[in-house]
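K.L.:
Here you go, one structure.
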Amino acid sequence: MSDARPDLERLRSLIDECSNWNRWGPDDQVGTLNHVTADSVAGAAALVRDGVSISMALDLGPAGPQQGGFRVNPMNLMRETGADHVAGLQRLPPDWGPTGGLGVGDDVVILPHQAATQWDGLGHVFWEGRMWNGKPAARVGAHGATYAGIEQWRHQFVMRGVLVDVAAHHGVAALEPGYPIGVDDLEATLEAQGCDVGTGDALIVRTGMLEERRDNWGDYAGGPAPGLSVDTLPWIHERQLAAVASDTWGLEVRPSELGAAFPFHVVAIPHMGLALGEIWDVAAVARHCHQSGRFEFLLVAPVLPVVGATGSAVNPLAVF
């Protein structure tokens with residue numbers, strides 16, 4: 001982050017221009033996903049022609065990008081194993097009765113909701129004591145969010161997805177860390193791809209950074225990165241996008257703009273109610289898009305409905 005004095009005037013101007021507070025009523029808990037309608041879902045489903053589905057999720061495991069400070073990578077812990085079974089050490093419930101040759105594998109996962117491919121929920125970011133729709137930030141407490149928890153999105157995230165491959169448009173494998181993706185970048189890439197985005201769509205931005213850092217993450221989690229500029233926020237708001245996702249740790253450009261920490265998030269989540277996806281592995285989808293010449297698809301990316309959570313791991317599927 002810059003040592004310069006924060007440009008709070010510009011930040012407040014963006015908040016005023018892009019705010020959706022009370023747009024869908026004073027108690028709305030889903031934000032821009034209100035832009036997704038039955039008709040838009042049906043239209044997205046009509047994009048399925050080939051019967052091909054491609055995941056955009058990283059594996060949930062210890063080799064992920066987190067450095068172990070602010071967040072750790074997912075850990076899968078075994079409670080019952082095949083080794084226990086063959087050694088006669090299986091601890092099966094006594095009321096199961098005679099099990100004969102039966103054995104089971106059973107495990108539990110320790111999963112920070114935002115450790116890998118994920119959605120940011122509407123309780124993830126606060127600004128001046130308020131969260132989405134003007135509610136007090138204290139609605140997110142020690143037992144989770146009592147307003148706009150991730151479970152409120154359980155019926156959402158079936159929509160039209162559009163990949164915008166900014167790295168490919170610039171002719172590079174990956175954009176340089178610190179490169180701010182602006183409106184001109186998005187519009188020029190979309191035009192070159194022969195597509196556009198509109199109401200109820202999910203915009204998925206490829207910078208190439210995840211592919212460049214895969215298995216050698218370095219400072220991928222939290223360090224300098226290409227990403228969306230705050231200047232794209234009015235564009236996103238005007239087009240009534242439902243969601244925006246990218247292949248970087250934080251989606252927005254880093255170091256942060258305006259001399260303030262995460263200004264894009266400050267406008268997008270608590271004020272716009274915009275669903276943000278981060279750490280999406282879009283490489284295989286990008287290859288398919290370029291080979292087929294089709295950059296739009298049915299996106300199916302539901303959250304885990306963990307009550308009160310402020311984010312969710314996700315396995316987003318692009319269906320062609």
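The values are calculated or read from the model by the stated rules, or taken from the named source; none is laboratory data. Being a predicted model, the structure only gives us computed values, none of them experimental. Here Cβ is always computed from backbone atoms with ideal geometry, including for glycine, and neighbour counts include all displayed protein chains. Surface areas here come from the heavy atoms of the whole protein model, side chains and all, with no ligands, DNA or RNA. Shrake-Rupley method; radii C 1.70, N 1.55, O 1.52, S 1.80 Å.
K.L.:
Using the Karplus equation 6.51 cos²θ - 1.76 cosθ + 1.60 (θ = phi - 60°), what ³J(HN,Hα) coupling, rounded to whole Hz, does each residue of the stretch 78-93 give in order, writing x for Gly and Pro?
P.N.:
In residue order, the calculated couplings are 7, 9, 9, 9, x, 5, 4, 4, 6, 8, x, 10, 5, 9, 8, x Hz.
K.L.:
Turning to a different aspect of this structure: In whole Hz, what ³J(HN,Hα) sequence does the stretch 210-220 give by Karplus (6.51, -1.76, 1.60; θ = phi - 60°), x for Gly and Pro?
P.N.:
Computed from phi, the couplings for the stretch 210-220 are 4, 5, 5, 9, 3, 6, 8, 5, x, 9, 3 Hz.
K.L.:
Calculate the spin-label point distance for ASP184 paired with ASN315, positioning each point 7 Å from the Cα along the beta-carbon direction, and give it in nanometres.
P.N.:
With each label placed 7 Å out from Cα toward Cβ, I get 4.2 nm.
K.L.:
Compute the signed sum of charges (Lys and Arg +1, Asp and Glu -1) over the other residues within less than 12 Å, Cβ to Cβ, of GLY308.
P.N.:
Numbers: positive: ARG139; negative: GLU151.
So the surrounding residues net to 0.
K.L.:
Return a whole-number percent for the relative contact order of the stretch 177-320, with Cα pairs under 8 Å and 6 or more residues apart as the contact set. Present the calculation step by step, with values, prior to reporting the outcome.
P.N.:
Working: 216 pairs, mean separation 35.5, N = 144.
Dividing the mean separation by the residue count of the stretch 177-320 yields 25 percent.
K.L.:
Please check: in the Gaussian network model of the chain (C-alpha springs, under 10 Å), which one of ASP120, ASP27, ASP281 has the largest mean-square fluctuation.
P.N.:
ASP27
K.L.:
Turning to a different aspect of this structure: Amide H to amide H, which residues 5 or more places from LEU274 or on other chains are under 5 Å from it, using H placed in the peptide plane?
P.N.:
Close amide H contacts, sequence-distant or interchain: THR32, ILE269.
K.L.:
Which of VAL140, VAL164, VAL205 moves most in a GNM of the chain, Cα contacts under 10 Å?
P.N.:
VAL140
K.L.:
Can I ask one more? Name all residues of the stretch 302-320 having a backbone nitrogen under 20 Å from the label point set 7 Å from the Cα of MET75 along its Cα→Cβ direction, giving them as ranges.
P.N.:
313
K.L.:
Can I ask one more? Whenever you get a sec, compute what percent of the accessible area on the chain sits on carbon and sulfur atoms (1.4 Å probe). Mind dumping the intermediate values first?
P.N.:
Working: 7400 of 14080 Å².
The computed percentage sits at 53.
K.L.:
If R₀ is 35 angstrom, what is the calculated FRET efficiency for the pair ASP196 and ARG130, using the beta carbon separation as r and rounding to 0.05?
P.N.:
Details: r = 33 Å, r/R0 = 0.95.
About 0.55, to the nearest 0.05.
K.L.:
What list of ³J(HN,Hα) values in whole Hz, one per residue of the stretch 156-172 in order, does the Karplus curve 6.51 cos²θ - 1.76 cosθ + 1.60 (θ = phi - 60°) give from phi, with Gly and Pro shown as x?
P.N.:
Listing the rounded values in order: 9, 6, 10, 6, 6, x, 10, 7, 10, 8, 5, 4, 5, 4, 7, x, 10 Hz.
K.L.:
Label 7 Å along Cα→Cβ of VAL86; the stretch 96-113 residues with amide nitrogen under 18 Å?
P.N.:
101-106
K.L.:
State, to one decimal in nm², a quarter of the convex hull surface area for the C-alpha atoms of the stretch 36-159, i.e. the direction-averaged projected area.
P.N.:
On the way: hull surface 55.9 nm².
The orientation-averaged projected area of the Cα hull of the stretch 36-159 comes to 14.0 nm².
K.L.:
Give the calculated FRET efficiency between GLN67 and VAL108 to the nearest 0.05, with a Förster radius of 35 Å applied to their Cβ-Cβ distance.
P.N.:
0.90
K.L.:
Averaged per residue, what accessible area in Å² does the chain show with a 1.4 Å probe, protein chains only?
P.N.:
Working: 14080 Å² over 320 residues.
For the chain, the per-residue accessible area is 44 Å².
K.L.:
Okay, next question. For every helix of n ≥ 4 consecutive DSSP H residues, a contribution of -39,500 (n - 2.57) applies; sum these over the chain, divide by its total residues, and give [θ] at 222 nm rounded to the nearest 500 deg cm²/dmol. If you can, show how the numbers build up before the last one.
P.N.:
Values: 9 runs with 65 residues, N = 320.
Taken over the chain, the calculation gives -5000 deg cm²/dmol.
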